[in-house]
Amino acid sequence: MSTNNHPDLNDAATLTGPGDTDQEFEIPFKSPVKPVQLSLDDTIQFHCHKNIACFNKCCKSIEIQLTPYDIIRLKKHMNLESREFVARYTIPFEMDAQAMPGLRLTSKPGTTECVFLEEDGCSVYEDRPTACRYYALGSMGVRKKEGKQVDDIFFVVKENHCLGHEEPRQLTVRQYRDEQGFEKYDEMNTEWRDIIIKKRSSGPTVGMPSTRSMQLFDMCSYDLDSFRDFIQSSGFTDIFDLDNSTLNTLISDDDALLQFAMRFLKQVLYGEHSIPFKQGAREKRYHERQEITQARRQAEVTEHRSKDPLESVIDD
């Protein structure tokens, strides 16, 4: 399964809607995507099952990008902390030219075979990643040229090795989505996807993200256990105004915590304020940073003078 469920959005191509005129969307040129946009009520022909001749073949050549919700499901399945799951089962990669951090699922040593593939199939099937769950249907959030709204579109992914397209079963996109349990995954992944799309489509208008912004994106996306610790730290609680009930929910509920993490990222990256500040907290924080900056500069001046013998002569 080399095809990512959410293809890269940097290259332009044409995706055609049935009965509509061609519209330009951001989709990749080199792709097994069948370039026909599908609605929820359009019909596809596909069926994957254990008796099909190609069963498990797609899992033997993988390049699967993981979403934050994938990591929640898989780390719970494996009974691991998020940072331990990431260390053991993922490979980091850069999602764009500005090194936005992404994670791919690792393969078995010396192979391209999925680490979770067993003889009888997927060992984490009930918690399989989004890309696996969607296959052979694709979904992508796109922004039309000159538009602001991100729309969901669907399409068929047809790779040569897959015989599921030849199976005599037809169903609508809506029925396939219900069958595969897409709704919860879409609900949990959409905000993260939109953050990435906005960052890519805005380009230079957003500016080069700072190192700190990248670190926050990485933590909020892939290490919710650390983010949980972060929102309980004085650095967070002294600034943001969360009631005890909300904070307790975030501490105990990974799904709620992920949704909050996406709100936090939008606030940090794009200034979309939805998390209230404590009264006077920003002003206090600003003055504290000014004092730290001034103290640091003074220390640098003092150190420079101590190394320059002429400074003592000038001062005298």
Considering every residue within the stretch 226-244, establish whether at least one is surrounded by 13 or more Cβ atoms within 10 Å (Cβ to Cβ), at pLDDT 95 or above and either closer than 17 Å to GLU94 by Cα or among the hydroxyl-bearing types (Ser, Thr, Tyr) (or both). yes
Within the stretch 232-259, residues being touching a residue at least 24 places away in the same chain (Cβ under 8 Å) and over 16 Å from PHE85 (Cβ atoms) number 7
Hey, can you tell me all the residues within the stretch 50-96 that are within 20 Å of LEU265 (Cβ to Cβ) and among the hydrophobic types (A, V, I, L, M, F, W, C)? LEU66, ILE71, ILE72, VAL86, PHE93, MET95
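Quick check on my filter: what residues within the stretch 108-146 are among the small types (Gly, Ala, Ser), under 20 Å from the mean Cα position of the chain (by Cα) and part of a strand (DSSP E or B)? So that I can check it myself, show each step before the final result.
Applying the first criterion (among the small types (Gly, Ala, Ser)) to the stretch 108-146 yields 110, 121, 123, 131, 136, 138-139, 141.
Checking the rest, the ones that are also under 20 Å from the mean Cα position of the chain (by Cα) come to 131, 138-139, 141.
If the condition is that a residue be among the small types (Gly, Ala, Ser), under 20 Å from the mean Cα position of the chain (by Cα) and part of a strand (DSSP E or B), then GLY138, SER139, GLY141 are the ones that fit.
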Using beta carbons and a limit of 6 Å, which pairs, at least six apart or on different chains, have the first residue in the stretch 37-61 and in the same structural domain as SER139 (by TED's automatic domain parsing) and the second one crowded, with 17+ Cβ neighbours inside 10 Å and in a helix (DSSP H, G or I)? LEU38/VAL173; LEU40/VAL173; ASP42/VAL173; PHE46/GLY164; HIS47/GLY164; CYS48/GLY164
Please find, within the stretch 79-105, the residue that is surrounded by the most Cβ atoms within 10 Å (Cβ to Cβ) out of those that are part of a loop (DSSP other than H, G, I, E, B) and at pLDDT 95 or above. LEU80
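The values are calculated or read from the model by the stated rules, or taken from the named source; none is laboratory data. Just so we're clear, the structure is a prediction, and the values are computed from it rather than from any experiment. Counting neighbours? That spans all protein chains shown, and the Cβs are built from the backbone with ideal geometry, glycine included.
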